[in-house]
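Notes follow once the structure below has been shown.
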Amino acid sequence: MRFPAVCPQCQREVQVEFADSAVHDVTCPHCSTRFCVFVRKQKFEVLFDLGTRALMDGYAREAVASFAAALERFFEFYVRSFAFERAALAGQTDFDGAADILESTWRHVSSQSERQVGMMALAYLLREGREPDFLTAKALGADFRNRVIHRGYLPRREEVDAYAARVFALIDRLLGELGTGAAHAELAQERQFAAHLAALPDGVTAVFEEHPGMFRARRFAGAGGEKLGVKNLPGQPARASAPTKATAPMNDAQAFQKALKERGPLLKGLRK
Ligand SMILES: [Zn+2]
């Protein structure tokens, strides 16, 4: 997937392909200026937006793989947020040290999604003091996902809409519960950006971008994220979830369709 960036020198548009690292070293095709684009977006967001684009373009079957991957990466995001938050609450001030331990720990589970689900289950239990009721195969839509991805099932559009709505609602709910706790994992991305920034050769301009996305409203960026130890203690109501809790209940499908209507058009700038 590509996104449009603007060359800081000649101000013309440049198409940039999304990189896994969210860091893009670019040479302007018009004026040959070198610049570096940092996109403040989490992997789960990029994947969910890819799925949404595919769905909007009529590629329902392809969308399923992106939604499924988005959910897996969101679980990773949740576990990372929780681990950083816990380290901060324990008084640990060495963010890089905490990040290194987390990185080497994640390596034990990184190649098997079942192990990651196990991490998620424990992280949720410890943070919320409740069973992660959303981890049943039924709640995750696992059977549908497996039929599409592994057995070549051709899903109907409404089935994919329902799956997308399910994944959307789950991520939205958990982001709400995480609240400012998510800022810790955001900070980890900022640290990676800072490391790349420090290594940029002279004369290369750094460009930081925030992109629209389906979870944009949930983004809490900057909400005290500079410091480890931002307060959103486990068990406390998360600030970000307050508005949705107060409004009339929507079912998953309605919530997804509403977000699609509001934010889907913003994804039009992205190209495959
Ligand atoms: Zn240029």
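The values are calculated or read from the model by the stated rules, or taken from the named source; none is laboratory data. Predicted model, so just to flag it, every value in this text is computed and none were measured. Note: ideal-geometry Cβ built from the backbone for every residue, glycine included; neighbour counts use all protein chains shown. With ligands, DNA and RNA removed, areas are computed over all heavy atoms of the protein, side chains included. Shrake-Rupley method; radii C 1.70, N 1.55, O 1.52, S 1.80 Å.
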Please tell me which of these pairs span more than 25 angstrom C-alpha to C-alpha: Lys41/Lys138; Lys41/Lys268; Lys138/Lys261?
-> Lys41/Lys138; Lys138/Lys261
Accessible surface of the range 1-160 [probe 1.4 Å, protein heavy atoms]: carbon and sulfur percent = 50
Amide H neighbours of Arg2 under 5 Å, counting only residues 5+ apart in sequence or on other chains, H built in-plane at 1.01 Å?
-> Phe18, Arg271, Lys272
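For a test of the definition: using alpha carbon positions, the gyration tensor, and the 1.5 limit on a/c, classify the chain as rounded, prolate or oblate. Present the calculation step by step, with values, prior to reporting the outcome.
Working: a/c = 1.66, a/b = 1.12, b/c = 1.48.
Since a/c reaches 1.5 but b/c is at least a/b, the shape of the chain is classed as oblate.
Quick one: length gained pulling Ser32 to Asp94 fully straight, 0.36 nm per residue minus the C-alpha distance? Intermediate results must be reported in sequence, preceding the final value.
Working: separation 62, 0.36 × 62 = 22.32 nm, distance 4.01 nm.
In short, 18.3 nm is gained.
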So how far apart, in nm, are the two label points at Lys138 and His150 if each is 7 Å from Cα heading toward Cβ?
-> 2.0
Exactly which trypsin sites (Lys or Arg not before Pro) in the range 69-153 are in a DSSP loop and have at most 10 other Cβ atoms within 10 Å?
-> Arg107, Arg130
Hey, in the chain, which Cys have no second cysteine's beta-carbon closer than 4.7 Å?
-> Cys36
Derived scalar couplings ³J(HN,Hα) [the range 16-28; Karplus, 6.51 cos²θ - 1.76 cosθ + 1.60; whole Hz; x for Gly, Pro] | 10, 7, 4, 9, 4, 7, 6, 10, 10, 8, 10, 10, 4
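If you take the square roots of the eigenvalues of the alpha-carbon gyration tensor of the range 43-140 and sort them as a ≥ b ≥ c, do you get rounded (a/c under 1.5), prolate (a/b over b/c) or oblate? Write down the numbers at each step before the final one.
Details: a/c = 2.38, a/b = 1.76, b/c = 1.36.
It comes out prolate by the Cα gyration axes.
Counting heavy atoms of the protein chains only and a 1.4 Å probe, report the per residue accessible area for the range 2-269 as a whole number of Å². Don't skip to the answer; put the middle values down first.
On the way: 13410 Å² over 268 residues.
Ligands and nucleic acids excluded, the figure is 50 Å² per residue.
Given the -39500 (n - 2.57) contribution per DSSP H run of 4+ residues, what per-residue ellipticity at 222 nm results for the chain, rounded to the nearest 500 deg cm²/dmol?
Numbers: 10 runs with 141 residues, N = 272.
Rounded to the nearest 500, it is -16500 deg cm²/dmol.
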